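Visitor: Here's a structure for you.
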Amino acid sequence: MIKAVAIDDEPLALEILESFCERIDGLKLEKKFTSQNEAQRYINKFEVDLLFLDIQMPRQNGIELYKSLKQETKVIFTTAHSEFAVEGFEVRASDYILKPISFERFKEAVERVKQELQLELNNVRFNTHLSLRADYKLYTIPLEQILFIEAMDDYVKVKRLGKPTVVARSTMKGILEKLPEANFTRIHKSYIVNNSKVEAVKANCIEIAGTELPIGNTYKEQVLSQFSV
């Protein structure tokens, strides 16, 4: 079941979205908000799979609101203004729907999200790839290609063997949930390593591909035990 939240300063727009959600199997609109502050508090506290988010709102632009969220969540922007389309896709939105919204267009956008979520689920289930939205497209990165992952504010950098680094909007918690626990270890608040790529383990750092990564005090006991140091 996809857990969704709708945010729009127009109550009528929210009613329409709610009625559309009720017509689609596997989609549940958990909450709807006209207040951006209330919506932000809810999303940062509870798990949300999908946002239906208006862009032009009184207090804060919907795109800026989306950028400020702590968790990685799919988003479908809904707006009456086509000039926001490019900016919407720059934050890797799943889709961008112009108002007035038809049910068929709404259904098409939700189906796209379902496909993205299913692909990510399959990648986790079969432990083969990591799916991330970056650079206006969906990356499916083979796990054996990943060296380590580094946190960078609201983004993560996926360092790859023989390939360019992928920078994607996500949290470390969100990334860990997509990775097989047996193959990846968090060694620091800012680093996750591919166990198979570890070349050396020292008292305070791990070496991968010639790069030394610090071991955080919080993770030291578990890391040193796991690598039998």
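The values are calculated or read from the model by the stated rules, or taken from the named source; none is laboratory data. Only a predicted model underlies this, so the values are computations on that prediction, with no experimental measurement involved. Counting neighbours? That spans all protein chains shown, and the Cβs are built from the backbone with ideal geometry, glycine included. Just so you know, the surface numbers come from the protein's heavy atoms only, side chains and all, with ligands and any DNA or RNA stripped out. Shrake-Rupley method; radii C 1.70, N 1.55, O 1.52, S 1.80 Å.
Visitor: Using the Kirkwood radius over Cα pairs, work out the Stokes-Einstein diffusion coefficient for the chain at 25 °C and 0.890 mPa s, in µm²/s as a whole number.
Guide: On the way: Rh = 19.0 Å.
The estimated diffusion coefficient comes to 129 µm²/s.
Visitor: Considering Cα pairs under 8 angstrom that are at least six residues apart, work out the relative contact order of the chain and quote it in whole percent. Provide the component values of the computation, followed by the final result.
Guide: On the way: 371 pairs, mean separation 25.0, N = 229.
Relative contact order comes out at 11 percent.
Visitor: Once phi is turned into θ = phi - 60°, what whole-Hz ³J(HN,Hα) does the Karplus curve with 6.51, -1.76 and 1.60 give for every residue of the stretch 60-67, x standing for Gly and Pro?
Guide: Couplings: 8, 4, x, 5, 5, 4, 4, 5 Hz.
Visitor: Treating only the Cβ atoms of Lys and Arg (+1) and Asp and Glu (-1) as charged, compute the dipole magnitude of the chain about its Cα centre; round to the nearest 20 debye. Intermediate results must be reported in sequence, preceding the final value.
Guide: Working: 32 positive and 34 negative charges, 131 e Å.
Using only the charged Cβ atoms, the result is roughly 620 debye.
Visitor: Also: How far is the Cα center of the stretch 188-212 from the Cα center of the stretch 103-181, in Å?
Guide: Spelled out, the Cα-based centre of one part sits 22 Å from the other.
Visitor: Can you give me the relative contact order of the stretch 1-68 as a percent, contacts being Cα pairs under 8 Å and 6 or more apart?
Guide: Values: 91 pairs, mean separation 28.2, N = 68.
Relative contact order, the stretch 1-68: 41 percent.
Visitor: Now for a separate question. Compute the semi-axes of the equivalent ellipsoid of the stretch 161-229, taking the square root of 5 times each eigenvalue of the Cα gyration tensor, and list them largest first in whole Å. Walk me through the numbers before you get to the answer.
Guide: On the way: eigenvalues 75, 45, 26 Å².
Gyration-tensor ellipsoid for the stretch 161-229: 19, 15, 11 Å.
Visitor: In the chain, once you exclude exposed trypsin sites (Lys or Arg not before Pro) (DSSP loop, at most 14 other Cβ within 10 angstrom), what's the longest stretch remaining?
Guide: Working: sites that count: Arg23, Arg59, Lys70, Lys189, Lys202.
Formally, the longest exposed-site-free interval is 71-188.
Visitor: Per residue of the stretch 216-222, in order, report the coupling 6.51 cos²θ - 1.76 cosθ + 1.60 (Karplus, θ = phi - 60°) as ³J(HN,Hα) in whole Hz, putting x for Gly and Pro.
Guide: Residue by residue, the stretch 216-222 yields x, 4, 5, 9, 4, 4, 5 Hz.
Visitor: In degrees between 0 and 90, to the nearest 10, how far off the longest principal axis of the chain does helix 36-45 point, with axes built from Cα atoms?
Guide: The helix 36-45 is inclined about 40 degrees to the chain.
Visitor: In sequence order, what are the phi-derived ³J(HN,Hα) couplings for the stretch 183-200 according to the Karplus relation 6.51 cos²θ - 1.76 cosθ + 1.60 with θ = phi - 60°, rounded to whole Hz, with x for glycine and proline?
Guide: 10, 10, 10, 7, 10, 6, 4, 10, 9, 10, 10, 7, 4, 6, 9, 5, 9, 7
Visitor: List every residue whose amide H lies under 5 Å from the amide H of Ile215, counting only residues 5 or more places away in sequence or on a different chain, with H placed 1.01 Å from N in the peptide plane.
Guide: Amide H neighbours of Ile215: Cys205, Ile206.
Visitor: Within the chain, what whole-number % of the accessible surface is contributed by carbon and sulfur, with the 1.4 Å probe and all protein chains included in the calculation?
Guide: Details: 5640 of 11740 Å².
The computed percentage sits at 48.
Visitor: Sticking with this one: Please name which of Asn122, His188, Gln60 has its Cα lying farthest along the dipole of the chain towards the positive end, using unit charges on Cβ (Lys, Arg +1; Asp, Glu -1) and the Cα centre as origin.
Guide: Value computed over the given set: His188.
Visitor: Filter Lys157/Lys197; Lys99/Lys137; Lys28/Lys173; Lys70/Lys189 down to the pairs with a C-alpha to C-alpha distance above 19 Å, please.
Guide: Numbers: Lys157/Lys197 16 Å; Lys99/Lys137 24 Å; Lys28/Lys173 24 Å; Lys70/Lys189 15 Å.
Where the Cα-Cα span goes over 19 Å, the pairs concerned are Lys99/Lys137; Lys28/Lys173.
Visitor: Scan around Lys99 for amide H atoms under 5 Å from its own, H built in the peptide plane at 1.01 Å from N, and keep only partners 5 or more places away or cross-chain.
Guide: Thr79, Ala80, His81
Visitor: Here's a follow-up. Return the calculated 222 nm mean residue ellipticity for the chain, to the nearest 500 deg cm²/dmol, obtained by summing -39500 (n - 2.57) across DSSP H runs with n ≥ 4 and dividing by the residue count.
Guide: On the way: 7 runs with 71 residues, N = 229.
Value at 222 nm, helices only: -9000 deg cm²/dmol.
Visitor: Long-range amide H contacts for Phe33: which residues qualify at under 5 Å (H placed 1.01 Å from N, peptide plane, sequence gap of 5 or more or a different chain)?
Guide: When sequence neighbours closer than 5 places are left aside, the close amide H contacts are Ala6, Ile7, Asp8.
Visitor: Using the heavy atoms of the protein chains and a 1.4 angstrom probe, tell me the accessible area per residue for the chain in square angstrom. Intermediate values should be presented prior to the final figure.
Guide: Values: 11740 Å² over 229 residues.
Ligands and nucleic acids excluded, the result is 51 Å² per residue.
Visitor: Counting DSSP beta bridges with both partners in the chain, what percentage is antiparallel, nearest 5? Working shown, then result.
Guide: On the way: 30 of 49 bridges.
Given both bridge residues lie in the chain, the antiparallel proportion sits at roughly 60 percent.
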